[in-house]
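Down below is the structure, laid out as structure tokens.
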Amino acid sequence: QTPVIAIDGPTASGKGTVATLVAAQLGFHLLDSGALYRLAALASLRYEIAPDAADDLAALVGDLHITFREGCAQLDGVDVSNEIRAEEIGNRASAIAVHQAVRAALVARQRAFRKEPGLVADGRDMGTVIFPDAPLKVFLTASVEARAARRYKQLIQKGFSANMDDLLRDLRERDARDSNRAVAPLKPAADAKLLDTSALTIDQAVDQVVQWYQA
Ligand code: CDP
């Protein structure tokens, strides 16, 4: 079986950065599953499908025309990599991700990323639902404050405006929604290794994951 490193965790825990660097170091493919939910959220805005219209959303997701190339995400042939990083899109992604039909429509697309020599997959349910046989599962955490500070920096860097109080509130709201939903709630797989990155540099977190993988 092609190896998979599953990296799950709450919003702004550093998953994306750590997953990207681990994949680069090992020469593995990368799946940013959150980007799929964000692309679905953007598409639902464009096609004016309400976040509670589960069946219409699932149909939309099944037909999504998306490609990932060299770190760029395209929707209908147009690069939307920056657009999908907006906080508003993240919140809408979380709202549509509660529907079982939407999640089911994304399973095959996600599993198709598993190719030689290996895959690093980041998200909420990589270790619990999408790749339950992954040889390494990591659950990244960090304090709400550390995560809000990281997200703030990231949004400003991408040219978005950001407000710390709003971010803290959004983060708590999204944590609650992602953890309490009925389908694929955010939680560590039984065999996941926990990594609290509050006091770690990115390099330290990356080294730990690579070390676990090679052990
Ligand atoms: O970067 P951030 O952690 O804020 O979000 P993301 O990983 O891009 O995911 C956006 C939203 O999609 C999350 O809040 C989840 O509700 C949802 N999601 C999910 O349900 N399952 C995944 N495997 C990935 C994301």
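Per the Kirkwood treatment, what hydrodynamic radius in Å, one decimal, follows for the range 162-202 from the mean inverse distance over all distinct Cα pairs?
12.5
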Considering lysine pairs in the chain that are 8 or more places apart or on different chains, how many have Cα atoms under 18 Å apart?
8
Nearest-0.05 FRET efficiency for Ala199 and Glu116 at R0 = 35 Å, using Cβ-Cβ distance, is 0.45
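Short version: what are the Cα gyration tensor semi-axes of the chain, square root of 5 times each eigenvalue, largest first, in whole Å?
Working: eigenvalues 120, 88, 56 Å².
The answer is 24, 21, 17 Å, longest axis first.
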How far apart, in nanometres, would the label points at Ala162 and Gln74 be if each is projected 7 angstrom from Cα along the Cα-to-Cβ direction?
2.9
Evaluated at 37 °C and 0.692 mPa s, the Stokes-Einstein D of the range 42-89 based on the Kirkwood radius over Cα pairs, in µm²/s, stands at 284
Using only the Cα atoms, work out Rg/Rh for the range 10-104, with Rh taken as the Kirkwood radius, to two decimals.
0.98
Rounded, prolate or oblate for the range 142-215? Axes are the square roots of the Cα gyration tensor eigenvalues, ordered a ≥ b ≥ c, and the cut-off for rounded is a/c under 1.5.
oblate
Find, among the GluC sites (Glu not before Pro) in the range 52-108, those assigned to loop by DSSP (not H, G, I, E, B) with at most 11 other beta-carbon atoms within 10 angstrom.
Glu70
With the crude spin-label approximation of a point 7 Å out along Cα→Cβ, what separation in nm comes out for Gln1 versus Asp133?
0.4
DSSP loop (so not H, G, I, E, B), at most 14 other Cβ within 10 Å: list which trypsin sites (Lys or Arg not before Pro) in the range 113-161 pass both filters.
Lys115, Lys158
For the chain, what does the relative contact order come out to in percent, with C-alpha contacts under 8 Å and a separation of six or more?
34
Per residue, how big is the convex hull of the range 42-151 when only Cα atoms are used? Give it in Å³.
134
Which one, Pro10, Ile156, Ala73, is farthest towards the positive end of the dipole of the chain when Lys and Arg carry +1 and Asp and Glu -1 on their Cβ?
Pro10
For Glu88 and Ala182, compute 0.36 nm times the residue count separating them, minus their Cα-Cα distance, and round to one decimal in nm.
31.6 nm
Once the piece of chain linking Glu145 and Asp56 is laid out straight, how much longer is it, given 0.36 nm per residue of separation minus the C-alpha distance between them?
28.4 nm
Which value in deg cm²/dmol, rounded to the nearest 500, describes the helix-derived mean residue ellipticity at 222 nm for the chain, given -39,500 (n - 2.57) per DSSP H run of n ≥ 4 and division by the residue count?
-15000 deg cm²/dmol
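All of the numbers you see were taken from the coordinates with simple rules; none came from a lab. Just so you know, these numbers come straight off a predicted model, no measurement behind them. Glycine gets a Cβ as well: all are built from the backbone with ideal geometry, and neighbour counts include every protein chain shown.
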